[in-house]
Amino acid sequence: MEKLNRLLSHARQTAPYYKGLPADKLESLADLRNIPFLEKDTLRENAEQLYSNREGLKPRPKTTGGSTGAAVTLRKSAEGMAQELAATWRGYSWAGIDIGDKQARFWGVPHEKKDRLRAKLIDFVANRTRLSAFAFSESDFGKYLKNLEKFKPKYFYGYVSMIRQFAEYIESEGISPSIELVAIITTAEVLTQSDRETIERVFGCKVYNEYGCGEVGTIAHECEFGGLHLTSENILVELVDDNGNPVSSGEAGEIVVTDLVNYSMPLIRYKIRDYGEFSEKECTCGLSLPCLERVFGREYDYLVNSRGDRFHGEFFLYIVENLAKSGQTFRGVQFVQYPDLSIVVRLVGKNLDRDFLKDFFQQALTEKMKDVIDVSVELVREIEREHSGKLRVVKRISAPNH
């Protein structure tokens, strides 16, 4: 409460956007309901109004927004950045990783030459090698594996889809890589149980999930007992329903964050368009930091029917698992929904039966989504990644109005 009230007072006095905040201190977290949410569109359109005019904060610029295609330049104070990194390295220590340990980074590569050179310098200083998300096909796998065996990383870090794809290549080729990993940290995409099992089986080490967003940094880290612990010293997390009210215990809701340590650009009650659920259990690791039971992913990772019912990516993965039992062999899948609610299923694989697949998905989606769904199937060579390098299994082109 002290951190929150200090942040609110600072924001009201130094950031034009927040000049209307109440002058009185909040007595409890319940009083937060009197402060309006900060939406992503508002952040993009009013970034300058959110910047603090106080001197001495040593703000660091950061551009984010690649997943949605609309970038915004943020600022984070030097002290806020230090506290974020401290919480991050604490989370990595739960996986047996220390500062300076060799890292193989499965991540995007900047498009501009100047930014690429800067990324290379940072990778060198951070003792890590980078595997590009933009050149990650079977023709690259052998080269990447050879480089990793020479570099000998202590851990992998990066996109779930990239690390799983790399694991599947190694397993399908019957390769026994000479890489001894302490842990693998996945981030930026939803980690399913299937992802976890595949990656752990191939690389022989535990997968630790990291959850965060570009605007505030890391929000939660997984401990060795599987608890996804919130970095509560830095981030205040709320879960709200569609009407903006706190969800009941055990219910899923939209994640709303307040960054308690960034004074250069206060983000108060910021709706990051992710959905999650608090854990009702106390983690057996003994840490007092609260846990998220699970994170469902981005708002745009939901597809909808004509009644506005939402269906998340995990829902569609169950349908894909049933397809795998039919004998159709595929390496990648993506569900894309258009404004008219029609769905295109894109599949990567050999000797696929398009007519069978269309009938299968037409029946499965109509039955599961309880609506008449217009489904078509596209057989493609690869699933195209987002500008950021992420791979979205479920993608809604634009949100229909409901």
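The values are calculated or read from the model by the stated rules, or taken from the named source; none is laboratory data. Model, not experiment: these values are computed from the prediction. Glycine also receives a Cβ, built like all others from the backbone with ideal geometry; neighbour counts cover every protein chain displayed. With ligands, DNA and RNA removed, areas are computed over all heavy atoms of the protein, side chains included. Shrake-Rupley method; radii C 1.70, N 1.55, O 1.52, S 1.80 Å.
Quick one: residue 59 ticks every box in (1) within 24 Å of residue 232 (Cα to Cα); (2) modelled with pLDDT of 90 or more; (3) open to solvent by 60 Å² or more (accessible area, probe 1.4 Å) bar one, so which box is it?
(2)
I need the full set of residues from the range 350-370 which are open to solvent by less than 30 Å² (accessible area, probe 1.4 Å) and not in a loop (DSSP other than H, G, I, E, B), in order please.
357, 361, 364, 365 - these are the residues of the range 350-370 that are open to solvent by less than 30 Å² (accessible area, probe 1.4 Å) and not in a loop (DSSP other than H, G, I, E, B).
Kindly list, by first and then second residue, each pair from a residue in the range 350-367 that is free of Cβ contacts under 8 Å to residues at least 24 places away in the same chain to a residue that is in a loop (DSSP other than H, G, I, E, B), limited to pairs with Cβ atoms under 6 Å and residues at least 6 apart or on different chains.
366/373
Could you tell me whether residue 80 is open to solvent by less than 80 Å² (accessible area, probe 1.4 Å) and over 30 Å from residue 51 (Cα atoms)?
Details: open to solvent by less than 80 Å² (accessible area, probe 1.4 Å): yes; over 30 Å from residue 51 (Cα atoms): no.
No; evaluated as a whole, the condition is false for this residue.
Let me confirm something: among 292, 347, which residue is closer than 25 Å to residue 43 by Cβ, at pLDDT 85 or above and in a strand (DSSP E or B)?
Working: 347 fails: closer than 25 Å to residue 43 by Cβ.
Selected residue: 292, the only one of 292, 347 that is closer than 25 Å to residue 43 by Cβ, at pLDDT 85 or above and in a strand (DSSP E or B).
Being buried (at least 22 other Cβ atoms within 10 Å of the Cβ) and outside any strand (DSSP E or B) is the filter here; which residues of the range 166-190 pass it?
Across the range 166-190, the qualifying residues are 166, 188, 189, 190.
Restricting attention to the range 1-20, which residues are assigned to a loop (DSSP other than H, G, I, E, B) and either in contact with a Gly (Cβ under 7 Å, 6 or more places away or on another chain) or closer than 17 Å to residue 54 by Cα (or both)? Full working, then the answer.
Kept after step one, since they are assigned to a loop (DSSP other than H, G, I, E, B), are these residues of the range 1-20: 1, 15, 19-20.
Selection gives 15, 19.
Here is a list of conditions, (1) over 28 Å from the mean Cα position of the chain (by Cα); (2) in a loop (DSSP other than H, G, I, E, B); (3) modelled with pLDDT of 85 or more, and residue 326 meets all of them except one; can you say which number that is?
(3)
Select from the range 78-105 the residues that are polar (S, T, N, Q) and over 23 Å from residue 235 (Cα atoms) and list them in ascending order. Walk me through it before giving the result.
Residues of the range 78-105 polar (S, T, N, Q): 83, 88, 93, 103.
Selection gives 103 alone.
Check the range 301-311 and report whether any residue there is more than 19 Å from residue 191 (Cβ to Cβ), among the basic types (Lys, Arg), in a loop (DSSP other than H, G, I, E, B) and touching a residue at least 60 places away in the same chain (Cβ under 8 Å).
Scanning the range 301-311 turns up at least one residue that is more than 19 Å from residue 191 (Cβ to Cβ), among the basic types (Lys, Arg), in a loop (DSSP other than H, G, I, E, B) and touching a residue at least 60 places away in the same chain (Cβ under 8 Å).
If a residue counts only when it is basic (Lys, Arg), which strands (runs of 3 or more DSSP E) contained entirely in the range 204-279 have at least 2 such residues? Before you say what the answer is, go through the steps one by one.
Working: elements: 206-213, 217-222, 228-230, 235-240, 252-259, 270-278.
Of the strands (runs of 3 or more DSSP E) lying wholly inside the range 204-279, those with at least 2 residues that are basic (Lys, Arg) span 270-278.
Is one or more of the residues making up the range 256-269 surrounded by fewer than 21 Cβ atoms within 10 Å (Cβ to Cβ) and either more than 16 Å from the chain's Cα centre (by Cα) or closer than 23 Å to residue 160 by Cα (or both)? Break it down stepwise before answering.
Here is the first cut: in the range 256-269, the residues surrounded by fewer than 21 Cβ atoms within 10 Å (Cβ to Cβ) are 269.
Checking the rest, the ones that are also either more than 16 Å from the chain's Cα centre (by Cα) or closer than 23 Å to residue 160 by Cα (or both) come to 269.
The answer is yes, given that some residue of the range 256-269 is surrounded by fewer than 21 Cβ atoms within 10 Å (Cβ to Cβ) and either more than 16 Å from the chain's Cα centre (by Cα) or closer than 23 Å to residue 160 by Cα (or both).
Surrounded by 13 or more Cβ atoms within 10 Å (Cβ to Cβ) and either not acidic (Asp, Glu) or not in a loop (DSSP other than H, G, I, E, B) (or both): does that describe residue 149? If you could, list the steps in order and put the result at the bottom.
Details: surrounded by 13 or more Cβ atoms within 10 Å (Cβ to Cβ): no; either not acidic (Asp, Glu) or not in a loop (DSSP other than H, G, I, E, B) (or both): yes.
Taking the combined requirement at face value, the residue does not satisfy it.
Mind listing just one residue for me: the one in the range 145-160 that is out of contact with any helix residue (DSSP H, G or I) (no Cβ under 7 Å at 6 or more places or on another chain) and among the aromatic types (Phe, Trp, Tyr) and, of those, farthest from residue 202 (Cα to Cα)?
Of everything passing the filter in the range 145-160, 151 is farthest from residue 202 (Cα to Cα).
So how many residues does the range 191-201 have that are open to solvent by 30 Å² or more (accessible area, probe 1.4 Å) and out of contact with any strand residue (DSSP E or B) (no Cβ under 7 Å at 6 or more places or on another chain)? Steps first, please.
So in the range 191-201, the residues open to solvent by 30 Å² or more (accessible area, probe 1.4 Å) come out as 193-194, 196-197, 200-201.
From what's left, out of contact with any strand residue (DSSP E or B) (no Cβ under 7 Å at 6 or more places or on another chain): 193-194, 197, 201.
Final tally of qualifying residues: 4.
Residue under question is residue 273, and the condition is that it be touching a helix residue (DSSP H, G or I) at 6+ places or on another chain (Cβ under 8 Å), open to solvent by 10 Å² or more (accessible area, probe 1.4 Å), modelled with pLDDT under 90 and not acidic (Asp, Glu); does it hold?
The answer is yes for residue 273.
Can you name the number of the only condition in (1) closer than 21 Å to residue 310 by Cβ; (2) at pLDDT 95 or above; (3) within 16 Å of the chain's Cα centre (by Cα) that residue 229 fails?
Single failed check for residue 229: (1).
One residue is enough: does the range 371-386 have a residue meeting the conditions at pLDDT below 85, surrounded by 15 or more Cβ atoms within 10 Å (Cβ to Cβ) and outside any loop (DSSP other than H, G, I, E, B)?
The answer is no, given that none of the residues of the range 371-386 is at pLDDT below 85, surrounded by 15 or more Cβ atoms within 10 Å (Cβ to Cβ) and outside any loop (DSSP other than H, G, I, E, B).
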